[in-house]
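Data block below; observations after.
The values are calculated or read from the model by the stated rules, or taken from the named source; none is laboratory data. Every value quoted in this text rests on a predicted model; they were computed, and no experiment measured them. Virtual Cβ from ideal backbone geometry, glycine too; neighbours counted across all protein chains shown.
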Amino acid sequence: MLRRIKTFSIIFLFLLVVALLTALWLLPGMFSAKAIPPEWEVKAARFIRHLATPSHFLKMTNPVPFSSEALAEARHHFADHCAICHANDGSGKTHMGPNFYPPVPDLRDPTVQAMADGELFYVIHYGIRFTGMPAWGKGLPEEDLDSWKLVHLIRHFPNITPEEIAEMKQYNPLTREEREQQETLDQFLSGEDVLPQEHHH
C-alpha cells in the first residue's frame, strides 16, 4: 500500500513539474543555465529526488568501516574526479560549479549532511538526470566500495583541515598550461634543450 502511494506521489509530482515547465516555456531566460533556481524549485527537486530514491537505500548505513586509510583514498579519488566541480573542500566554489543548473551544491551544507548514507551513495553511484552530476558507480552497487568511501568524505567535509585540502591539490587534474610547464621542467631536468613556450590565452 505504501509503495503504491509513493508511486502515485512520484507520478503526480512529475506531472506537476511538467505542467509548470510547460506553462513557463516562453518566459525569457527559462532555459538559461545561468539562472538561479527559485526556492520552490529547489525544495520540489529535493523532495522528488528523495521520493525517487529506492526505500532500501534510504535505510542503508555505510558498510565501509571509517578509517584514515579509507578517508585518504576518498580524498585522492575526489580530488581527481570530483573537485573540478565541487572544489577540494566540497564548497562547490569553482570556475565550473556556479555555471550548472542547478548550481553545484555545497556538500558541507546541513541539507546535504542530513541525507542518509544510502541516499548519498545512490546519488554518487547513479548520478542525477538533467543536472551536471554523472553516475560514478562501477559495477553493482554492492561492489562499489569507492562510492561508500566518498560518503565518509562528504561527512568529513564540515571538519576538513587545511592540510588535507593542500594534500588534495596534488591529485587535481592539471590544466593545459600546467601540463606544458611540467613537460618543460621534465625536459630541462633531463638535459634537453628547451624552447620558450608560446603563451596561451
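Just one of the numbered conditions (1) among the aromatic types (Phe, Trp, Tyr); (2) at pLDDT below 95; (3) in a loop (DSSP other than H, G, I, E, B) is not true of Phe57: (3).
Within the set Asp80, Asp89, the sole residue that is out of contact with any strand residue (DSSP E or B) (no Cβ under 7 Å at 6 or more places or on another chain), acidic (Asp, Glu) and surrounded by fewer than 17 Cβ atoms within 10 Å (Cβ to Cβ) turns out to be Asp80. Among all positions in region 128-144, there is no residue which is under 18 Å from Ile48 (Cβ atoms), exposed (fewer than 14 other Cβ atoms within 10 Å of the Cβ) and in contact (Cβ under 8 Å) with a residue 24 or more places away in the chain.
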